[in-house]
Structure formats: C-alpha cells, structure tokens
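J.: The structure's right below; bear with me while I get my questions together.
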Amino acid sequence: MTVLNVAEHNEQAGSCPLCGKDNGCAVLTGKPIEACWCSTAGFPREIFALIPPEERGKACICSECLRAFKENQTF
C-alpha cells in the first residue's frame, strides 16, 4: 500500500485524486496510520493506474472510489 508522506503535505492531500472529494485521511488530522480507514482496506494495484503519474503519492484515494472500483473494476 502506498502511504501518504505527511511531511510533504500539499493543498490537495485531503482530496481524492480520482473524484476530488474528501478522502477521509486520518493521518492528515494527526492520527496514526492505524486509525485510518485505509489501513485495513485492500487496494487493487490497477486502481493506482487511474491516477495521473504527476499526482501519485500526493493524496489518498477515498473509500467511495475504492468501493466503486472494486464493484466494477473500473471508475
């Protein structure tokens, strides 16, 4: 799993790179990664290919986009 580096926050870190909505990242609120919803979610490798290369690693995918991708294997 790719983990957001909180030392490199940017303005978009709280927005899903796929839909632009709040990604619910607990790390951005100062909580440990274990408190974040994504720490127990399985991310198919293929979902990361949907993120433009220049945006990868800057913000987390939201749970809504992850769910939609898993249900449809597309976004």
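The values are calculated or read from the model by the stated rules, or taken from the named source; none is laboratory data. Note that this is a predicted model, so its numbers are computed, not measured. Positions of Cβ are generated from backbone atoms using ideal geometry, with glycine treated the same way; all protein chains shown enter the neighbour counts.
J.: Could you tell me which residue of the stretch 27-41 is surrounded by the most Cβ atoms within 10 Å (Cβ to Cβ), considering only residues that are over 11 Å from the mean Cα position of the chain (by Cα) and among the small types (G, A, S)?
T.: A35
J.: Can I47 be described as at pLDDT 95 or above and within 18 Å of N10 (Cβ to Cβ)?
T.: No: the conditions fail for I47.
J.: Taking the options K21, K31, name whichever one is modelled with pLDDT of 90 or more and over 21 Å from F69 (Cβ atoms). Talk me through it step by step, then tell me what you get.
T.: Details: K21 fails: over 21 Å from F69 (Cβ atoms).
Being modelled with pLDDT of 90 or more and over 21 Å from F69 (Cβ atoms) holds for just one of K21, K31, which is K31.
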